[in-house]
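Reviewing the structure listed below.
The numbers here are math on the coordinates, done by the rules we state, and not lab data. Every value quoted in this text rests on a predicted model; they were computed, and no experiment measured them. Note that each Cβ is placed from the backbone with ideal geometry, even for glycine, and that neighbours are counted across all protein chains shown.
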Ligand code: GLA
């Protein structure tokens with residue numbers, strides 16, 4: 001009996017301590033991620049979703065998340081809301097084509113479709129304004145999450161692809177419309193001060209398993225060459241303000257063949273930067289950094305240094321670390337700490353290229369994309385714990401890995 005009661009007492013104490021002492025990300029004792037890294041990187045970010053009606057989560061729409069992000073980040077990336085699929089918001093249907101036409105720089109005049117998704121874009125900009133946050137714009141040109149009808153004659157998904165010339169005109173119109181919408185919002189609502197400080201102009205143009213452009217892409221299938229990538233940087237340069245940074249963004253940068261493909265993309269963009277009409281501009285390589293715990297820090301560092309050697313800065317844009325077949329919090333703590341120590345080592349220093357920003361791809365493990373049905377298969381159907389917080393009830397609680405990241409900043413020695 002005595003044994004049983006001391007066992008019950010033990011259980012009670014364990015539950016009590018775990019309930020009462022688990023810190024919340026807003027607690028004073030929990031250091032700010034962003035403050036810890038302020039002297040190393042211009043921008044420290046966390047990706048999140050606003051959470052539109054019917055979509056899976058409500059993140060930035062809630063006050064708790066707004067406060068937490070305000071404390072731990074100075075920039076956010078929209079998990080979805082700034083992607084073509086969400087800005088178009090045709091949801092698999094053919095769009096309504098308007099009476100407004102657009103005459104493109106290549107001389108082609110096109111009809112233009114309705115874009116229905118600026119509501120969530122504006123809502124996120126407003127929250128950023130209120131909370132003193134900035135945003136990475138993600139993304140203008142991507143093979144995924146872009147409506148099929150955008151590539152088709154008369155914007156009708158049952159019809160064939162349009163010609164290259166028509167598609168180039170549509171691309172110019174889309175980039176111009178999105179960039180001007182945001183500039184106008186900033187002018188009217190934020191005294192012209194920038195919220196979007198950077199854009200992923202093109203995402204993931206390189207295919208997997210080699211160095212070639214990705215074939216499963218309507219962009220590629222219309223052009224069969226690099227023109228759609230280069231043109232995107234011409235138009236972004238034409239319509240974005242000069243101090244908005246332009247990035248090419250991709251994943252698996254640590255795989256040498258794939259990285260070779262990214263270098264080819266960058267070379268094509270850079271080759272057009274002195275063109276008389278419509279020059280390109282690119283400021284940074286966006287390394288998504290969806291990595292797994294077995295990706296060696298030294299291999300990743302090599303990738304970073306290859307891009308820096310191209311004369312570009314690097315932004316770590318979508319960092320998460322898959323825990324693969326086994327989650328061990330001490331191991332994840334170590335891996336995060338080692339990665340951040342290496343990131344700091346490669347930070348931008350005046351007069352030299354370097355890493356200028358780091359964004360973590362998501363707030364808490366419960367909301368990570370790595371546990372979506374398609375992703376979890378890659379991880380042998382094992383639940384992943386790749387992020388820095390866990391959500392218990394309404395409380396976002398820092399994991400041990402979070403403290404690894406903070407320690408890396410505090411302990412760093414030149
Ligand atoms: C890629 C994209 C992101 C996002 C993630 C998965 O990395 O760039 O926008 O879709 O995949 O969440």
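How far apart, in nanometres, would the label points at residue 116 and residue 381 be if each is projected 7 angstrom from Cα along the Cα-to-Cβ direction?
3.8
Let me have the 222 nm mean residue ellipticity of the chain computed from DSSP H runs of 4+ only, each contributing -39500 (n - 2.57), with the sum over all residues rounded to the nearest 500. Before the final figure, lay out the partial values.
Working: 13 runs with 163 residues, N = 414.
Computed ellipticity for the chain at 222 nm equals -12500 deg cm²/dmol.
Under the definition of Cα pairs under 8 Å and six or more residues apart, what whole-number percent is the relative contact order of the chain? List each step's numbers first, then the result.
Values: 751 pairs, mean separation 60.9, N = 414.
Reported relative contact order: 15 percent.
If a paramagnetic tag sat 7 Å from the Cα of residue 109 along the Cα-Cβ line, which residues of region 169-202 would have the backbone N under 19 Å from that point?
What the label zone holds, given the 19 Å backbone N cut-off, is 169-174.
From the P(r) of region 162-270, can you give the percent of Cα pairs sitting at distances over 18 Å? Before the final figure, lay out each step's value.
On the way: 3138 of 5886 pairs.
Roughly 53 percent, rounded to a whole number.
Give me the extension gain from residue 299 to residue 324: residue separation times 0.36 nm, minus the current Cα-Cα distance, reported in nm with one decimal.
Values: separation 25, 0.36 × 25 = 9.00 nm, distance 1.83 nm.
Additional length available on full extension: 7.2 nm.
Using Cα atoms only, what is the angle between the long axis of helix 118-131 and the major principal axis of the chain, expressed in degrees (0 to 90) to the nearest 10?
50
Ratio of Rg to Rh for region 112-186, alpha carbon only, Kirkwood? Kindly include the intermediate steps, with their values, before the conclusion.
Values: Rg = 14.7 Å, Rh = 14.1 Å.
Across region 112-186, the Cα-based Rg/Rh ratio is 1.04.
In nm, what is the difference between 0.36 nm times the number of residues separating residue 194 and residue 145 and their Cα-Cα distance?
Result for the pair: 15.1 nm of gain on full extension.
Compute the long axis of helix 329-345 from its Cα atoms, compare it with the longest principal axis of the Cα atoms of the chain, and write down the angle in degrees, 0 to 90, nearest 10.
Relative to the chain, helix 329-345 is tipped by roughly 50 degrees.
When DSSP beta bridges are limited to those with both residues in the chain, what percentage is antiparallel, rounded to the nearest 5? Could the numbers behind the result be given before it?
Numbers: 11 of 50 bridges.
About 20 percent, rounded to the nearest 5.
Quick one: angle between helix 297-309 and the longest Cα principal axis of the chain, in degrees between 0 and 90, rounded to 10, please.
Long axis of 297-309 versus the principal axis of the chain: about 30 degrees.
FRET efficiency for residue 29 and residue 216, Cβ-Cβ distance as r, R0 = 60 Å, nearest 0.05?
Numbers: r = 48 Å, r/R0 = 0.80.
With R0 = 60 Å, the Cβ-Cβ based efficiency is 0.80.
Report the calculated FRET efficiency for residue 164 and residue 334 (r = Cβ-Cβ distance, R0 = 51 Å), to the nearest 0.05.
Numbers: r = 50 Å, r/R0 = 0.97.
With a Förster radius of 51 Å, E is 0.55.
Apply 1/(1 + (r/R0)^6) to the Cβ-Cβ distance of residue 91 and residue 414, taking R0 = 60 Å, and write down the FRET efficiency to the nearest 0.05. Provide the component values of the computation, followed by the final result.
Values: r = 52 Å, r/R0 = 0.86.
That gives a FRET efficiency of 0.70.
Under a no-solvent Debye model with one identical scatterer per Cα of the chain, what's log10 I(q)/I(0) at q = 0.06, 0.07, 0.10, 0.14 Å⁻¹?
-0.26, -0.35, -0.69, -1.35
What is region 86-159's relative contact order, in percent, from Cα pairs under 8 angstrom and six or more apart in sequence? List each step's numbers first, then the result.
On the way: 70 pairs, mean separation 26.6, N = 74.
Contact order relative to length: 36 percent.
For a label point 7 angstrom out from the Cα of residue 260 toward its Cβ, which stretches of region 200-234 have the backbone nitrogen within less than 13 Å?
Counting backbone N atoms under 13 Å from the label point, the list is 209-213.
Could you grab the relative contact order for region 209-343? Cα pairs under 8 Å, six or more apart, rounded to a whole percent. Write down the numbers at each step before the final one.
Values: 170 pairs, mean separation 31.7, N = 135.
RCO, region 209-343: 24 percent.
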